[in-house]
Structure formats: C-alpha cells, structure tokens
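Below you'll find the structure, written out as structure tokens, and then a few comments.
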Amino acid sequence: MTKAEIAAAGDSLSSVRAAAMGCRACPLWQTATQTVFGEGPERARIMLVGEQPGDVEDLKGKPFVGPAGQLLGRALAEAGIDREALYVTNAVKHFKFVPRGKRRMHQKPNSLEIKACRPWLEKELALVDPALIVALGGTAAQALFGRAVPIGKSRGQVIDLAGRKSLVTVHPSYLLRLPDEESRHREYTAFVADLRLARRVGA
Ligand code: URA
C-alpha cells in the first residue's frame, strides 16, 4: 500500500485496519494467515510497539496474545498498567516464519519488510496520538527511529521521537529465551522497572 492509499483509507482506526487486511506491500502476506493490526483505545496515552505477530497472533488476528503476550500482560499488571488502556501494535503486521516439521519458526523481519510496513505504524501513531511510545526490542526501535538503537544503553531514558516521548526496552520474547532462572528473574525485574517508568512518563 502506498501512503496515498493508506490516506484514502480514512481517518478512523477501524477503516485503516480494514484497509490493512489487504496489504500486499511486501511478500509476507502470501504465507501469513492474516494481517494483525494494532488494538486498543483510539485515544490511548501509551502505545506499545512490538516486532511482528507470532504463531498464535497470526491465527487469532490479535497482537500479543501468545506466550510473549502473556508475559507482557503479567509484567504490565506488576507495573500497575492496565493493558486495556494501551494501544498495542507491531512494527510488521504479518507473521514471518519458516516451516519446520509441523511447527512454524519465527524469523526476524528484514529492513525492507519493516520499511514496507512503516506507513501503517505512522498512521496508527497519527490517529492514536499517544503521549508515550514504548518500543519493545530492537526491531520496534529500528522501525520507529529509522536506525539501530542499542537497547541496553538506551533503556531508562526518555527519548524524543519527532516531538513525542518514547522509551525503549527489551522484547518479552527475549525474557522467554533466557536459559537460567537467575537471569530470567533479573531481566524480568528490569523489564517491570522500565514499564513502571512508562506508567509515570505516559501518565
Ligand atoms: N511478538 C511480537 O513482537 N508481537 C506480537 O504480537 C507477538 C509476539
């Protein structure tokens, strides 16, 4: 979809979401089940941006409803944030995977796919107009800032993003991949601390 086609989709999240269902701007639509558009109140104060839908999200058509989404939900609750009050979306809106036996293994989207999907993210930003954007992980940060952002160095700082406040933190899938209990606990605690900061900055 070109910017002009997206502009023609109108100025409500529901009409833009409907237009995104037919997006063919990169090849990912061919193997994914459906476009997974963002969800949440049209006037949310905080927007969370993830990488791309996973296997469960692809089947259900909703962002962050699989294992990473469950961990995110738990961390948000611990940080005192009501998930229902957030707008939750992804940098890339189709699931990218390679089949392995019966399983579909997640693959990182490349820069062309991120770029192709960016007009949808821009439109969501323009319509929701959040006070704070939180990038979950490197792909979201790259999509938002247009460059690689070192998460470790940048987390905990409010960063200006074209006149809007933003924060970067890790992706919840990163926490799921950690090999031992000690690092999982340490990193989860740091993630919740980042979300507490988001609650204060986005209030
Ligand atoms: N990971 C993401 O980045 N987004 C989702 O919606 C699910 C998993």
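The values are calculated or read from the model by the stated rules, or taken from the named source; none is laboratory data. Everything quoted here is computed from the prediction, not taken from an experiment. Using ideal geometry, Cβ is built from the backbone for each residue, glycine included, and neighbour counts are taken over all protein chains shown.
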Per-region count, the stretch 161-191, residues closer than 20 Å to ASN90 by Cα and either acidic (Asp, Glu) or in contact (Cβ under 8 Å) with a residue 60 or more places away in the chain (or both):
6
Subset of the stretch 79-101 (residues that are assigned to a strand (DSSP E or B), of a type in the set (A, V, I, L, M, F, W, C) and under 12 Å from the mean Cα position of the chain (by Cα)):
VAL88
How many residues, within the stretch 102-118, are in a helix (DSSP H, G or I), surrounded by 15 or more Cβ atoms within 10 Å (Cβ to Cβ) and touching a residue at least 12 places away in the same chain (Cβ under 8 Å)?
5
For the stretch 1-47, how many residues meet the condition of being within 30 Å of ARG103 (Cβ to Cβ) and assigned to a loop (DSSP other than H, G, I, E, B)?
15
Could you go through the stretch 185-203 and let me know if any residue there is under 21 Å from ASP82 (Cα atoms) and at pLDDT below 95.
yes
Number of positions in the stretch 146-176 that are closer than 19 Å to LEU72 by Cα and surrounded by 12 or more Cβ atoms within 10 Å (Cβ to Cβ):
14
When both residues are 6+ apart or on different chains and their Cβ atoms are under 6 Å apart, which pairs have a first residue that lies in the stretch 39-58 and is without any contact (Cβ under 8 Å) to a residue 24 or more places away in the chain and near the ligand (Cβ under 10 Å from one of its atoms), and a second that is small (Gly, Ala, Ser) and assigned to a loop (DSSP other than H, G, I, E, B)?
VAL56/GLY66
Filter the stretch 79-101 down to residues that are within 15 Å of the ligand (Cβ to nearest atom) and more than 21 Å from LEU125 (Cβ to Cβ) and give me whichever is surrounded by the fewest Cβ atoms within 10 Å (Cβ to Cβ).
PHE97
With the checklist (1) under 15 Å from VAL49 (Cβ atoms); (2) within 15 Å of the ligand (Cβ to nearest atom) in hand, flag the one item ARG104 doesn't pass.
(1)
Let me spell it out: the conditions are (1) within 13 Å of the ligand (Cβ to nearest atom); (2) in contact with a strand residue (DSSP E or B) (Cβ under 7 Å, 6 or more places away or on another chain), and ILE114 meets all of them except one. Which number is the exception?
(2)
Yes or no: the stretch 64-78 includes at least one residue that is within 13 Å of the ligand (Cβ to nearest atom), part of a helix (DSSP H, G or I), among the polar types (S, T, N, Q) and out of contact with any strand residue (DSSP E or B) (no Cβ under 6 Å at 6 or more places or on another chain).
yes
Filter result for the condition that a residue is surrounded by fewer than 19 Cβ atoms within 10 Å (Cβ to Cβ) and either in contact with a helix residue (DSSP H, G or I) (Cβ under 8 Å, 6 or more places away or on another chain) or more than 26 Å from LEU161 (Cβ to Cβ) (or both), over THR2, THR35
THR2
Can you tell me which residue within the stretch 177-198, out of those that are of a type in the set (D, E, K, R), under 16 Å from ARG155 (Cβ atoms) and out of contact with any helix residue (DSSP H, G or I) (no Cβ under 8 Å at 6 or more places or on another chain), is surrounded by the fewest Cβ atoms within 10 Å (Cβ to Cβ)?
ARG186
Need a quick list: strands (runs of 3 or more DSSP E) entirely within the stretch 119-203 having at least 1 residues that are within 16 Å of the ligand (Cβ to nearest atom) and under 29 Å from ASP55 (Cβ atoms).
132-136, 164-169
